[in-house]
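Heads up, the thing below is written out as structure tokens.
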Amino acid sequence: MEISSHDLLVAFGLTLFAGLSTGIGSAIAFLSRKTNKRFLSLALGFSAGVMIYISFVEIFPDAREALEQRFDKWTASLVTALSFFAGMALIAVIDKLIPSRENPHEVKSVESMNDASPRDRKLSRVGVLTAAAITIHNFPEGLATFISGLSNPEIAYPIAVAIAIHNIPEGIAVSVPIFFATGDRKKAFVYSFLSGLAEPAGAVVGYLLIISLVGVNATVLGILLALVAGIMVFISLDELLPTAKEYGAHHLSIYGLVAGMALMAFSLLLF
């Protein structure tokens, strides 16, 4: 697989955009007095629809096709399936290692910032651990966006937008405990915004490790794409849809899911 400097810049730009969208969530927490739960529920469902559809219709077949350049069809299908579930296992283990209280995907609302007493010393640990959790958890997400951008920019654009939407409530979730710990909304915004840098940083570090250890060929590309598909499907099923439901608009999240799938289906037919 020959990768140009333009391909690298596009992939990195998409990953940076997706990661720093935590700043949007931070801005919502900083500027708003109320969480727009209906919008977040619809948007999170839409993101899940985009990522699930692309994973099964585009990325998974592309992974198998890449592996078929090195293996027979049965072996290629087996490696693709194993890599897909390995991606799901990777993100599941990371989630399991993060305590629920510090997990950035645990739902927190803007209202809780307004109701809570600032400078709660007991929650200072939560702010620190949440920042660490973001760094750890966004590593595979950043790698997923980055690899998608390198392999096929056309499908990487909607993936980046979907992960960016996914990171909006994550930004709120990071801002809340940091505000609890410091009593400073601006500091909560800055820390949460900067935590999004973990995604592009993780993508670059992961990619460089892959390049230095094994290089990129058809086999590695196929395995990485299948891992990406598994990561995105797990994120959608374990985080996006449950979070959308917790925001209190179950049907809206499903409507968003269907809309995301439909948009991707028609956009792939047109382009």
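The values are calculated or read from the model by the stated rules, or taken from the named source; none is laboratory data. Predicted, not measured: the structure shown is a model, and the values here were computed from it. Cβ placement follows ideal geometry from the backbone for every residue including glycine, while neighbour counts extend to all protein chains displayed.
Per the conditions (1) surrounded by fewer than 24 Cβ atoms within 10 Å (Cβ to Cβ); (2) under 22 Å from Y53 (Cβ atoms); (3) modelled with pLDDT under 80; (4) touching a helix residue (DSSP H, G or I) at 6+ places or on another chain (Cβ under 6 Å), the sole criterion not satisfied by E154 is (4). For segment 1-116, the helices (runs of 4 or more DSSP H) that sit wholly inside it and include 1 or more residues that are within 17 Å of the chain's Cα centre (by Cα) and modelled with pLDDT under 90 are 5-20, 22-31, 37-54, 73-97.
Residue-by-condition table, conditions (1) over 15 Å from P169 (Cα atoms); (2) touching an Asp or Glu at 6+ places or on another chain (Cβ under 6 Å); (3) without any contact (Cβ under 8 Å) to a residue 40 or more places away in the chain:
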| residue | (1), (2), (3) |
| --- | --- |
| L225 | yes, yes, no |
| L237 | yes, no, no |
| I254 | yes, no, no |
| A259 | yes, no, no |
| F266 | yes, no, yes |
| L270 | yes, no, yes |
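One residue stands out among those in segment 232-268 that are among the aromatic types (F, W, Y) and modelled with pLDDT of 80 or more: the one that is surrounded by the most Cβ atoms within 10 Å (Cβ to Cβ), which is F234.
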